[in-house]
Structures are given as structure tokens and as C-alpha cells.
1. For the range B:103-121, which residues satisfy the criterion of being more than 7 Å from every other protein chain (Cβ to nearest Cβ), in contact with a helix residue (DSSP H, G or I) (Cβ under 6 Å, 6 or more places away or on another chain) and among the hydrophobic types (A, V, I, L, M, F, W, C)?
2. Residue check: is A:F195 out of contact with any helix residue (DSSP H, G or I) (no Cβ under 6 Å at 6 or more places or on another chain), surrounded by fewer than 20 Cβ atoms within 10 Å (Cβ to Cβ) and assigned to a loop (DSSP other than H, G, I, E, B)?
3. Going through the range A:9-40 one residue at a time, which ones are of a type in the set (A, V, I, L, M), farther than 20 Å from A:I51 by Cα and either open to solvent by less than 60 Å² (accessible area, probe 1.4 Å) or under 16 Å from the mean Cα position of the chain (by Cα) (or both)?
4. Being farther than 29 Å from B:N36 by Cβ and open to solvent by 80 Å² or more (accessible area, probe 1.4 Å) is the filter here; which residues of the range A:451-483 pass it?
5. I'd like to know if the range A:81-94 contains one or more residues that are within 25 Å of A:V417 (Cβ to Cβ) and open to solvent by 20 Å² or more (accessible area, probe 1.4 Å).
6. I need a count of the residues in the range A:240-251 that are in contact (Cβ under 8 Å) with a residue 40 or more places away in the chain, open to solvent by 50 Å² or more (accessible area, probe 1.4 Å) and part of a helix (DSSP H, G or I).
7. Applying the selection to the range A:179-192, what residues are acidic (D, E) and open to solvent by less than 50 Å² (accessible area, probe 1.4 Å)?
8. So if I check each of A:V402, A:V417, which one is open to solvent by less than 30 Å² (accessible area, probe 1.4 Å), within 9 Å of chain B (Cβ to nearest Cβ) and touching a residue at least 40 places away in the same chain (Cβ under 8 Å)?
Amino acid sequence: MDVFSGLAVGAEAAINPWNILYCLTGVTLGTLVGVLPGIGALAAVSMLLPITYYLEPLAAIIMLAGVFYGSEYGGSTAAILLNLPGTPSSAVVCIEGYPMTKQGRAGVALFTATIASFIGGTLGIIVLMFLSPYLVTVALNFGPQDYFGIMMFGLLAASTIGTGSRLRSIVMVVLGVALGCVGMDLNTGDTRYTFGIPELFDGLNLVALAMGLYGVSEIISSAATPTGNRMKTKVTFRSMIPTRDEVRRSALPIARGAASGSVFGTLPGTGATVASLFSYAMEKRVARGTKPFGTGIVEGIAAPEAANNAASQTAFIPTLSLGIPGSPTMALILGALMLHGIQPGPSLVTSQPALFWGLIVSFWIGNLLLLILNLPMIGLWVRLLQIPHHMLYPAIIPLICVGVYSVRTSPFDVLMVLAFGAAGYLLKLLRFEVAPLMIGFVLGPMIEENLRRALRMSRGDPIIFLQTPVSAISLAICAVMIGFTIWSLLPRKGAQALSVGSE
Amino acid sequence: MLHPRPITLLSSGVIALMGLFFFSGIFSLDMGSARNMGPGYLPVSLGGILLVLSIALLLAEGRASAGEDAPGEKFAARSFIAILASVLMFALLVEPFGLLPAVATATLIASAADRSTTIRSATGTCVVVTALCWAVFIIGLGLPVQAFRI
């Protein structure tokens with residue numbers, strides 16, 4: 001199916017009042033959690049997962065995806081106004097955005113961020129539209145060993161998420177895969193690590209894991225932190241218009257940002273945060289402006305914002321065309337698809353064209369809605385940032401509880417949230433980055449299945465993994481990555497384990 | 001030679017424990033062979049890998065030269081207890097007493113996490129949240145849960 005007939009199918013599926021409403025809900029919620037420091041897209045998606053049970057698959061994914069890319073719009077708002085990033089990927093926007101606020105030019109900063117986000121997102125969608133179907137045709141020739149190779153690469157790439165030590169992230173990924181083994185083994189019917197508890201036969205509840213490990217643990221950390229400076233800036237619509245010179249200077253940074261963002265979004269393991277950091281660093285090197293960086297330059301806002309939005313759109317490429325999530329949040333969205341009984345992978349595009357293209361059309365709609373939400377309605381978010389912490393967090397906890405409980409009307413699941421919340425917080429105190437665990441958890445069962453199938457096909461001979469190009473190359477890259485990690489851990493003066501920015 | 005900091009020791013220990021946990025599946029699960037993987041094959045191997053990684057962690061971070069320590073996050077005891085108690089109370093109350101009492105209790109207890117919260121604002125938040133849950137979950141989404149059970 002070529003792009004244009006695909007878009008036609010998608011438009012038919014997506015452009016109806018209900019799906020547009022879900023899209024609006026998703027992007028609004030996304031902006032909301034993006035604006036609020038402490039709660040991110042990951043927590044929001046996990047909170048919305050139970051609600052999506054009651055929706056059609058397409059509507060559910062439209063909404064969850066809206067939260068995902070919507071949060072990349074909102075993240076810069078708090079960064080600019082409060083010097084507090086709303087999302088990890090907007091941390092770099094603080095550097096240029098906050099000085100602009102102090103100069104009374106918050107409006108211009110917010111405007112630039114929004115427009116850059118829109119253009120970046122749009123370019124990302126275009127890449128998504130043309131690259132995905134192509135990747136799908138390639139992937140249809142994959143055997144289980146190829147999936148295994150790519151998934152292993154995805155797992156190892158997941159370990160590069162986070163600013164902590166790579167070794168620790170690898171540990172988290174491995175732990176995630178192991179946790180994915182809890183429950184009944186589909187091949188034999190044997191129960192693994194369930195202690196006879198029937199609620200565990202289906203495995204650990206993905207929603208409880210996500211909400212506890214990320215949501216609750218994050219709230220425990222944030223609720224204790226004292227509130228930052230209360231913001232008194234007023235932002236009017238007129239104050240948002242930038243000077244012509246600034247518009248001219250933003251054009252190329254946006255283009256460069258969108259390009260690098262598209263690349264990082266497509267690769268598993270890297271995403272919006274890496275993209276924004278990289279593009280800011282690139283702008284610093286390339287810039288020919290008069291004012292130095294750090295004093296409030298639009299290029300320093302435009303480029304990272306374009307990058308992180310492009311990345312958030314292209315993140316759907318591996319997810320939709322290969323069934324491989326590039327980040328923890330993507331893993332959750334993939335999980336949502338599976339909860340609806342849809343098997344992600346190359347066949348998705350052909351077996352569910354309405355879903356695939358409908359989603360893409362919804363991205364267009366979503367980005368337009370976000371433009372409206374973030375420009376004229378910016379005052380809403382500004383006012384929101386003035387609600388004190390101690391009223392917000394106690395509100396979110398019961399929402400999490402209700403959300404998890406409603407999945408199976410099971411108090412046990414809520415207790416799971418408690419357990420994972422405690423565990424997640426303690427792991428964070430021990431300096432573990434918890435995010436990579438999710439990718440391991442979602443990919444684990446699939447990796448096991450593909451490994452089993454591959455070995456069965458080859459009658460136990462591991463050479464099968466070297467026999468096809470995709471598998472061989474992926475595993476070679478994995479070997480190089482592992483080798484590199486080991487090398488960088490060896491005693492050597494000044495050597496630190498390298499890591500890339502967090503997702 | 002090895003001067004592990006407490007955090008490294010704890011981290012390594014926790015990981016080793018988890019490794020042991022998964023490895024213990026070797027006693028109860030059928031391992032199978034490479035050709036025909038049994039249910040135990042992967043988790044037990046992962047348990048072994050975790051054990052190895054726990055030692056690697058100790059070696060990598062245990063050297064005195066292994067980089068300076070940024071002060072880590074401190075254990076927020078009040079927040080920890082309040083939030084977790086809040087979730088626990090929800091789990092305990094929701095079936096005997098219904099959704100709304102559980103939500104109200106959970107909100108109140110969670111408010112205790114921040115030291116600066118006043119009773120007045122906590123009550124306010126509680127009322128708002130309970131009303132919101134009623135509107136969104138019971139009326140709006142029509143969740144099959146009991147709102148109020150005396």
C-alpha cells in the first residue's frame with residue numbers, strides 16, 4: 001500500500017468525532033504531564049492504560065500516542081518559566097529559556113519552543129510515513145533469529161538510557177527480562193515463580209509494574225522535595241511574537257534539530273532526550289550568532305525542541321514496523337496494543353492498515369491541536385504551574401490506585417503497585433536507573449520465544465544466528481557494545497563508563 | 001585494593017539476591033536442552049547472569065579510584081511511609097467499603113507526605129479528588145466498581 005492510499009484509509013479511520021476527541025484528550029493530558037515537573041509521559045501512559053481497555057484499539061493508541069508526543073510540547077514550559085524541566089528532554093531548554101524569562105521575554109521563548117516543536121514533529125511524521133512501510137517490507141523476510149538479534153540490540157541499547165553507569169542499566173534490563181518470565185509458561189503450562197498465587201499466573205501486571213516502579217516511586221521522591229520558586233510571570237499573547245531576526249536565526253537550527261531528532265528517535269535506546277542534548281551541543285558548535293550561548297538565545301531553544309519532537313514521532317517507526325520499542329514509554333504503548341490482542345510486528349501494517357495509517361493521521365491532527373493548546377492557551381499551563389505540590393501529589397496517588405484496581409477489580413494488583421513502588425524507590429536510592437527495566441520486561445517474553453524457535457529450527461545449533469545478515473550484524477553490534485562496556489570498566493586512569501543521556 | 005562504598009555493597013547485594021532468586025528455579029523448573037528450551041532455561045540463566053553482574057558491579061565500583069561520589073538522593077522516610085501507607089489503605093478499604101471511602105482515605109494519608117501540608121488544604125484536596133473520581137470513574141467511565149458500601 002503506498003503512502004497516499006494509506007493516508008486515505010487512515011483519514012477515514014481517524015477523522016471522526018470520537019477519535020478526534022480521544023486525540024485531543026491525549027495531547028492535552030500529554031501537555032499537562034509535560035508541563036508538570038515530576039510526572040512524565042511514562043507515568044501518564046501507565047495511568048491511562050486501564051482506561052484504554054474500554055476503548056477501541058485505534059482510539060486507545062491515538063490517545064496514548066497523543067500523551068507521548070504531547071508531553072514533548074509541554075516540557076519546555078516549566079523549563080522556560082521555572083528553570084525546572086518538565087521532561088528530561090527539556091532540561092537543555094532551561095539553559096536558554098530561563099534567562100529569557102528573566103529578561104522579560106518568556107513569551108518569545110515559549111513561542112519559539114512551540115513552533116519548533118510543531119515543525120520538528122511534522123518532519124518526524126513525514127519520515128515515519130515514508131520509512132515505516134519500507135522497513136516493513138524488509139522485515140517480512142525476517143526469521144526468529146533475526147528478531148532475536150534485533151531485540152537483543154534493542155535490549156542493549158536500552159541499557160544506554162540514563163545518565164548512570166551502563167553496567168547498572170544492563171543489570172536493570174536483565175532484571176526486567178527475568179521479571180517477564182514470572183507467570184505461566186505458554187509452551188508447557190508450568191508456572192514460574194508464582195508461589196501458587198493465582199493472580200500471578202498471567203505474569204506480573206504490566207500496569208501495576210509501570211505505575212508502581214515509575215509513578216509511585218517518582219512521587220515518593222518528588223513529594224519530599226520542597227517546591228521551587230513560585231512564578232509570577234504573566235505571559236500575554238502579544239508578548240510572544242519574536243523579532244524578525246530571531247525568526248531568521250531559528251530556521252536552520254530547527255531544520256538541523258529535526259534531522260538529528262529523526263535519527264535518534266528511530267534508533268532503539270535513544271530518543272527525545274538524547275536528541276535534544278545532541279542538537280543543543282551541535283548548535284553551540286555551529287552557531288554564528290552575536291550573543292553567546294547561555295544568555296537566552298532562540299537557537300538554543302529552537303533546535304532541541306525540534307529535535308525532541310521529531311524524535312518522539314519517529315520513535316513509532318521501530319515500534320509499529322518491527323514491533324520493537326525504542327524506549328520504556330514505547331514499550332508501554334506496545335504493551336497496550338498487546339492487551340488489545342494486537343500482535344505488533346511487520347504484519348501490523350498490512351493486517352491492520354486502518355490502525356497504522358489511522359494513527360499517522362491522528363499524529364497530524366494531534367500536532368495541530370497542540371499548536372493551538374500551546375500558543376493561545378499558554379496561560380492555562382502557566383496558571384497550572386502555580387498549584388502547590390502538596391495538593392497535586394496526594395491527588396495523583398488515588399488516581400493511580402483506582403486505575404490499577406479497575407483493570408481486574410483486584411486489590412492484589414494495588415498491592416503490587418505498593419510493592420513495585422517501594423522497590424522502585426529503593427532502587428533509585430541505590431542509584432539504579434529504573435527505566436531500562438521496562439524494555440526488558442516487555443521484550444523478555446518475545447526474546448524467549450524467538451530464541452526457542454530459532455534453536456528449535458537449528459536443532460540446538462547456535463550457528464543459526466550467524467547465518468542471516470540481520471541476525472549476524474545485530475549480534476555483532478551487541479558483541480561490540482558489550483566489549484566496549486567491559487573495556488571501559490577495566491582499571492585505567494580516568495576511565496568512566498560512557499553513557500548517553502536519559503530517555 | 002577494593003574499597004567498596006556502602007551503596008555499591010548494597011547494590012551488589014540486592015542484585016545478587018535477585019540473581020539467587022531466579023537461579024533457584026533450577027530446582028523446580030524443567031530446564032530442557034538448548035535444542036528444546038524448557039521453562040527454566042531462560043530465567044535460571046538470567047539469574048546466573050545477575051549473580052555475575054553483581055560481582056562485576058562490585059569490581060567496577062569497588063576500586064578506590066572509581067570516580068568521586070555525587071551525593072545521592074536521601075531517603076525521604078516521611079514521604080515513603082505516607083505514600084505507601086496511602087496505597088495500602090486503598091487496597092484494604094476498596095472492597096469492604098467501596099471506591100470513594102478508599103479514595104478519600106488514600107488522599108488524606110498521601111497528603112501527609114509533604115511536611116508543609118496543612119489539615120485544611122489536605123481536606124480540600126481530599127474533597128476535590130473524591131468528587132473528581134466519582135465524576136470521572138463512576139459516572140463518566142462507568143467503571144464496574146462499588147462507589148459506597150456500608
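The values are calculated or read from the model by the stated rules, or taken from the named source; none is laboratory data. All values derive from a computational prediction rather than experimental measurement. Cβ: placed from backbone, ideal geometry, glycine included. Neighbour counts: every protein chain shown. For the accessible areas, the whole protein counts, side chains as well, though only heavy atoms, and no ligand, DNA or RNA atoms are used. Shrake-Rupley method; radii C 1.70, N 1.55, O 1.52, S 1.80 Å.
1. At the first step, the residues of the range B:103-121 found to be more than 7 Å from every other protein chain (Cβ to nearest Cβ) are B:104-105, B:108-109, B:112, B:115, B:118-120.
Still in the running and in contact with a helix residue (DSSP H, G or I) (Cβ under 6 Å, 6 or more places away or on another chain): B:104-105, B:108-109, B:112.
Across the range B:103-121, the qualifying residues are B:A104, B:L108, B:I109, B:A112.
2. Working: out of contact with any helix residue (DSSP H, G or I) (no Cβ under 6 Å at 6 or more places or on another chain): yes; surrounded by fewer than 20 Cβ atoms within 10 Å (Cβ to Cβ): yes; assigned to a loop (DSSP other than H, G, I, E, B): yes.
Criteria met by A:F195.
3. Of the residues in the range A:9-40, the ones of a type in the set (A, V, I, L, M) are A:9, A:11, A:13-15, A:20-21, A:24, A:27, A:29, A:32-33, A:35-36, A:39.
Subsequent filtering for residues that are farther than 20 Å from A:I51 by Cα retains A:9, A:11, A:13, A:15, A:35-36.
Those that are of a type in the set (A, V, I, L, M), farther than 20 Å from A:I51 by Cα and either open to solvent by less than 60 Å² (accessible area, probe 1.4 Å) or under 16 Å from the mean Cα position of the chain (by Cα) (or both): A:V9, A:A11, A:A13, A:V35, A:L36.
4. Taking the range A:451-483 first, the residues farther than 29 Å from B:N36 by Cβ are A:480-481, A:483.
Result: A:V480, single match.
5. Restricting attention to the range A:81-94, the residues satisfying the condition of being within 25 Å of A:V417 (Cβ to Cβ) are A:86-88.
Subsequent filtering for residues that are open to solvent by 20 Å² or more (accessible area, probe 1.4 Å) retains A:88.
Looking through the range A:81-94, at least one residue is within 25 Å of A:V417 (Cβ to Cβ) and open to solvent by 20 Å² or more (accessible area, probe 1.4 Å).
6. Count: 1.
7. Filtering the range A:179-192 down to residues acidic (D, E) leaves A:185, A:190.
Result: A:D185, single match.
8. Values: A:V402 fails: touching a residue at least 40 places away in the same chain (Cβ under 8 Å).
Result of the check over A:V402, A:V417: A:V417.
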